[in-house]
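Working notes for the structure below.
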Amino acid sequence: MAYDSNNIFARILRGEIPNDTVYEDDHVLAFRDINPQAPTHVLVIPKGAFISMDDFSQNASDAEIAALVRAVGSIARDLGVVQSGYRILANHGRDANQEVPHFHVHIFGHRPLGPMLQRE
Ligand code: DGP
């Protein structure tokens with residue numbers, strides 16, 4: 001599958017669609033989710049064109065991977081969710097209901113987040 005350069009996060013990265021940015025560096029952009037599922041719900045994305053975790057983990061540089069992981073930790077600290085707790089989540093593909101085909105990590109916090117997965 002080829003990267004779709006018109007996906008919504010690619011358009012956000014190009015500045016074509018506004019976003020509520022909470023963090024940015026050379027490799028990473030983070031912004032608030034448009035449909036928050038917790039009082040704090042932030043999306044952390046690489047600036048590079050990666051479809052999902054599978055693509056990112058195989059094809060991103062060590063610097064890009066390190067930047068994203070460091071950013072997630074740093075953003076969580078800045079959001080003030082370290083003490084109360086937070087959840088990170090990345091959906092890959094159909095079974096996980098990945099909606100946007102640009103790799104992203106969700107950060108949820110500021111409420112009890114319940115069980116890890118809904119049971120069948
Ligand atoms: P996922 O199912 O993991 O692909 O989650 C995609 C998330 O992206 C979903 O929680 C809603 C969010 N989202 C979709 N479109 C936009 C947008 O235009 N702006 C922002 N900030 N978030 C968006």
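The values are calculated or read from the model by the stated rules, or taken from the named source; none is laboratory data. Nothing here was measured: the structure is a model prediction, and the numbers come from that model. As a convention, Cβ positions derive from the backbone with ideal geometry for all residues, glycine included, and neighbour counts pool all protein chains shown. The protein model used for the area step is the full one, side chains on, heavy atoms only, and it has no ligands, DNA or RNA in it. Shrake-Rupley method; radii C 1.70, N 1.55, O 1.52, S 1.80 Å.
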**OP:** Report, by residue number, each residue of the stretch 1-27 that is touching a Lys or Arg at 6+ places or on another chain (Cβ under 8 Å) and surrounded by fewer than 16 Cβ atoms within 10 Å (Cβ to Cβ).
**Re:** Ile17, Asp20, Asp26
**OP:** Scan (1) among the polar types (S, T, N, Q); (2) open to solvent by less than 60 Å² (accessible area, probe 1.4 Å); (3) under 14 Å from the mean Cα position of the chain (by Cα) for the single condition Ser61 breaks and write down its number.
**Re:** (3)
**OP:** Scan (1) open to solvent by 70 Å² or more (accessible area, probe 1.4 Å); (2) within 11 Å of the ligand (Cβ to nearest atom) for the single condition Ala30 breaks and write down its number.
**Re:** (1)
Original post:
Within the group Ser52, Ser74, which residue is open to solvent by less than 60 Å² (accessible area, probe 1.4 Å), away from the ligand (no atom under 11 Å from the Cβ) and on the phi < 0 side of the Ramachandran plot?
Top reply: Ser74
